[in-house]
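Contents: one structure, followed by commentary.
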Amino acid sequence: MTSSPKALPDAPAPPGEGLDQFGRMRAWVDVDSGAIAANARALRRSLAATTALMAVVKADGYGHGAVAVARAALEGGATSLGVATLAEAVELRQAGVEAPVLVLGNLSQVEELRHCLRWRLMPTLSSMREALLCQNLASASGRSMAVQLKLDTGMARLGADWQEGPRLVAAMGDLDAVDLVGIYSHLACADAPPEADDGLTTTQQRRFDAVLSSLAEQGLAGGCRHLANSAATLRCRSLHYDLVRVGLALYGQAPAEHLSGCLELRPALQLRARVTLLREVAAGVGVSYGHRFVTSRPSRIAVVGIGYADGVPRLLSNQLEVLFAGRRLPQVGAITMDQLMLDATDCPELEMGSVVTLLGREANEEISPADWSARCGTIPWEILCGFKHRLPRLPAESPTD
Ligand SMILES: *Cc1c(COP(=O)(O)O)cnc(C)c1O
């Protein structure tokens, strides 16, 4: 007789599916969608009545979870959404999000454009080639397809040369199944501090304006005009046009130090993890790979269940701090793939299972993505979208204030 596989032990039904069922066991991201909605409202209030707010929710909502962010931003007054890829756009549609969605990345394949038509997504076009593909797809389906034209005014990334703008708008106007609903460009240096600004933003704006006046002179309509990312939105109203595309600021982070006081924004994300083991070690003991930290006294070392495979940059080894009960504790030794160590010698209250905050606020202490990025030579955007699939994103209660 063959033995049947052993039955799994009885367990309570998990509260959710996927990673969320592991909830706050090891390491997680708390996402305060109330803060996202409040940030959208604050941004909305800072705009003219004729300027719309697009919430940029690419890269899984900058690591916060795209669907939850999209819903909160729409509730707070955003009227459209921006994503980078087709799959990101379809994820929103499949979750029932109906708002207009602009795909900011370039879609070059017919199959990709076919999905845009099917899911009512606006592709960004940089050339007539894609416009003709859209025309063929749309006319074959008997529907029209809304698209936006991107112009390169000084970024050398996506977009047609800005000088081509009027000719392209005219040519797209001849395509009966293509509906040009927007024309936009992207700024390369909007976050430069005033003393480092070499006028590139002004140059880009002049080029964009030149295209718009030429369209007006020829009686051509390019639809909704937009140029500003978060930095440009916070920097100057003249950059706003008909719509602003806001990513980082929506999440409560400032795109640059000098722009941090412009609006009251609430960070929406906290990164937390639990202490999984506490060790007493002697003086002179090397901690973690390479012994890059050696204890100078008998020490209490706390192992925390989070590492670089979760998105904590290994470059922060020996420089990171975490918050516990409103105090800062130093991280020591190399950050490893799945865990990192703290020196808890001066913090006897820290216990097995205690929760520490890696990013976020406790009492009067706060650690922001910008603090991390400054220490490891990158930008807050990269920190936020570096959080991996292994970290569940969980809805957090808004602090009552
Ligand atoms: C990502 C992106 C934005 C948003 O940028 P933030 O600096 O995060 O506000 C706006 N426009 C385009 C084209 C983008 O790719």
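Per the conditions (1) touching a Cys at 6+ places or on another chain (Cβ under 9 Å); (2) free of Cβ contacts under 8 Å to residues at least 24 places away in the same chain, the sole criterion not satisfied by ILE183 is (2).
With respect to the conditions (1) under 27 Å from TYR308 (Cβ atoms); (2) in contact with a helix residue (DSSP H, G or I) (Cβ under 7 Å, 6 or more places away or on another chain); (3) within 13 Å of the ligand (Cβ to nearest atom), ALA27 lacks only one, and its number is (3).
Consider the range 78-113 and keep the residues that are closer than 22 Å to ALA42 by Cα and within 16 Å of the ligand (Cβ to nearest atom). The one that is surrounded by the fewest Cβ atoms within 10 Å (Cβ to Cβ) is THR79.
For the range 30-54, the set of residues classified as away from the ligand (no atom under 16 Å from the Cβ) and in a strand (DSSP E or B) consists of ASP30, VAL31, listed by residue number. Might you check whether a residue that is within 30 Å of ALA35 (Cβ to Cβ), within 16 Å of the ligand (Cβ to nearest atom), assigned to a helix (DSSP H, G or I) and hydroxyl-bearing (Ser, Thr, Tyr) occurs anywhere in the range 238-246? Within the range 238-246, none of the residues are within 30 Å of ALA35 (Cβ to Cβ), within 16 Å of the ligand (Cβ to nearest atom), assigned to a helix (DSSP H, G or I) and hydroxyl-bearing (Ser, Thr, Tyr). Of the residues making up the range 168-217, those that are under 30 Å from GLU257 (Cβ atoms) and in a helix (DSSP H, G or I) number 13.
Conditions tested, residue by residue: (1) free of Cβ contacts under 8 Å to residues at least 12 places away in the same chain; (2) more than 20 Å from MET128 (Cα to Cα); (3) under 26 Å from the mean Cα position of the chain (by Cα); (4) in the same structural domain as VAL57 (by TED's automatic domain parsing).
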| residue | (1), (2), (3), (4) |
| --- | --- |
| ALA177 | no, no, no, yes |
| ALA188 | no, yes, yes, yes |
| ALA196 | yes, yes, yes, yes |
| THR201 | no, yes, yes, yes |
| ALA221 | no, no, no, yes |
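Among the conditions (1) over 27 Å from LYS388 (Cβ atoms); (2) in contact with a Leu (Cβ under 7 Å, 6 or more places away or on another chain), the only one that ILE335 does not satisfy is (1).
A residue that is within 14 Å of the ligand (Cβ to nearest atom) and among the acidic types (Asp, Glu) cannot be found anywhere in the range 271-284.
The values are calculated or read from the model by the stated rules, or taken from the named source; none is laboratory data. Given the structure is predicted, the values throughout are model-derived calculations rather than measurements. Cβ atoms come from the backbone with ideal geometry, glycine included; neighbour counts cover every protein chain shown.
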